[in-house]
Structure formats: structure tokens, C-alpha cells
Amino acid sequence: MDRNERWKLYYRRTRDERPSELLIEAVSLVRERGKALDLGAGALRDSKYLLELGFFVVAVDSCPLVLNEAASVRHQNLSAIISSFDTYIFPKGAFDLINAEYSLPFNSPDTFGGMFARVSNSLKEGGVFVGQFFGKNDSWNIPDSNMTFHSREDVKDALKNFTVIKMIAEEKDEKSTLGKMKHWHIFHVIAQKQKA
């Protein structure tokens with residue numbers, strides 16, 4: 001199966017899933033339902049949930065299929081953008097919520113620090129970040145993966161400008177969405193941007 005077929009399968013399997021429980025919890029902490037950024041938006045399952053709640057959603061994904069999903073949703077408060085995270089122009093202080101569901105680890109370690117600093121800068125004061133960091137024990141952490149993996153201390157350092165509301169470390173053996181068994185090492189995070 002080539003890369004394009006894998007993406008199509010991933011989109012089919014995730015399109016009608018419920019929004020993540022972590023996102024549902026994080027939304028309850030958001031003061032104003034203004035603008036939300038969905039990083040690695042994929043088949044828009046989380047974006048659709050945020051639209052239902054009244055957010056204006058910017059959905060960013062490197063896969064062009066996100067435009068097909070956005071066209072099928074046809075919502076005036078949805079903007080879909082094809083971009084990698086490290087080349088996306090994050091508007092400063094624009095978002096009340098940033099959702100990064102299992103997407104940040106796919107950013108290269110070479111640009112991760114700068115990219116995540118821009119994530120932080122694009123949140124309003126009191127804005128909420130929700131997402132995952134992959135831990136060092138994850139089975140995808142192999143040479144030349146071009147993915148980013150963190151220790152607990154690395155995650156705390158990345159979130160130094162935030163009040164961490166929740167950080168749960170999880171290790172488990174489970175199939176990926178595409179059906180391959182792997183060892184997961186994940187830090188699930190909800191954090192609120194501190195006042196400057």
C-alpha cells in the first residue's frame with residue numbers, strides 16, 4: 001500500500017469517530033469559543049465537533065485530502081489549509097484553543113522547538129492547548145524516523161509558559177488506526193497559557 005492509499009484508508013477509518021475525550025474535557029476550560037486551531041486535522045472529526053460548539057476553526061494538515069473533507073463539510077466557519085506545522089504561519093495571539101490530536105510528534109526534531117514556540121505564541125492569554133507528545137519508549141522511535149519524541153522533563157520544558165491542567169503518561173501495546181501492532185508511549189496533555 002503506497003503512502004496515498006494509507007492516507008485514504010486513515011481518513012475513511014477516522015471520519016466518523018467521536019471527538020477525543022481529551023478535547024471534550026479541554027473545551028470545558030475555554031473561556032471564549034472564538035477561534036480554534038486543529039493541527040493535523042485529518043478527516044476533521046475534531047474540527048466538526050468544534051464547529052458544532054460555535055468555534056471558527058482553522059484546520060491545518062499536510063495531506064491534501066483535508067480539502068476534500070472541508071468541501072464535504074461546507075461550513076462557513078471552517079478554513080482548511082494544507083501545510084506542515086513547521087512552515088505554517090501561526091498568527092500571534094489568535095486562538096482560544098489549539099488541538100493537536102496525535103499530530104505533533106510527526107514534526108521533525110530539527111524544527112520542533114521553534115514550531116512549538118509559535119504554537120504557544122498563537123494562543124491568547126488563558127487559551128488552552130490539548131494534544132499528545134510521544135515518549136522515548138514509543139516503538140516508532142527509531143533512527144531516521146524524522147519524528148520527535150520526548151521525556152517527561154522535555155514535555156514539562158515545552159510547556160513552561162503554561163499551567164499544566166492534566167498530563168497523563170501512558171504505555172500500551174495496541175494497533176494503530178491502520179491496523180499495525182505497536183508499543184505506544186504517550187503523554188496526553190491539557191494546558192492553559194499563562195499570563196505574560
Inset, instruction - Could you tell me whether residue 163 is surrounded by 15 or more Cβ atoms within 10 Å (Cβ to Cβ), hydroxyl-bearing (Ser, Thr, Tyr) and either farther than 17 Å from residue 182 by Cβ or out of contact with any Cys (no Cβ under 8 Å at 6 or more places or on another chain) (or both)? - result: no
Legend entry - Candidate set from the stretch 83-112 (those that are in contact with a strand residue (DSSP E or B) (Cβ under 7 Å, 6 or more places away or on another chain) and surrounded by fewer than 16 Cβ atoms within 10 Å (Cβ to Cβ)); member that is farthest from residue 148 (Cα to Cα): 93
Inset, instruction - For residues that are modelled with pLDDT of 95 or more, farther than 21 Å from residue 110 by Cα and among the hydrophobic types (A, V, I, L, M, F, W, C), tally how many sit in the stretch 140-182. - result: 6
Inset, instruction - Can you tell me which residue among 153, 171 is in a strand (DSSP E or B) and of a type in the set (Asp, Glu)? - result: 171
Legend entry - Subset of the stretch 40-97 (residues that are hydroxyl-bearing (Ser, Thr, Tyr) and free of Cβ contacts under 8 Å to residues at least 12 places away in the same chain): 72, 87
Legend entry - Top-ranked residue of the stretch 54-82 - restricted to ones that are small (Gly, Ala, Ser) and either touching a strand residue (DSSP E or B) at 6+ places or on another chain (Cβ under 6 Å) or crowded, with 21+ Cβ neighbours inside 10 Å (or both), ranked as nearest to residue 101 (Cα to Cα): 59
Inset, instruction - Determine if the stretch 104-124 includes at least one residue that is over 18 Å from the mean Cα position of the chain (by Cα), in a strand (DSSP E or B) and not small (Gly, Ala, Ser). - result: no
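The values are calculated or read from the model by the stated rules, or taken from the named source; none is laboratory data. No experiment lies behind these values; they were computed from the predicted model shown. Using ideal geometry, Cβ is built from the backbone for each residue, glycine included, and neighbour counts are taken over all protein chains shown.
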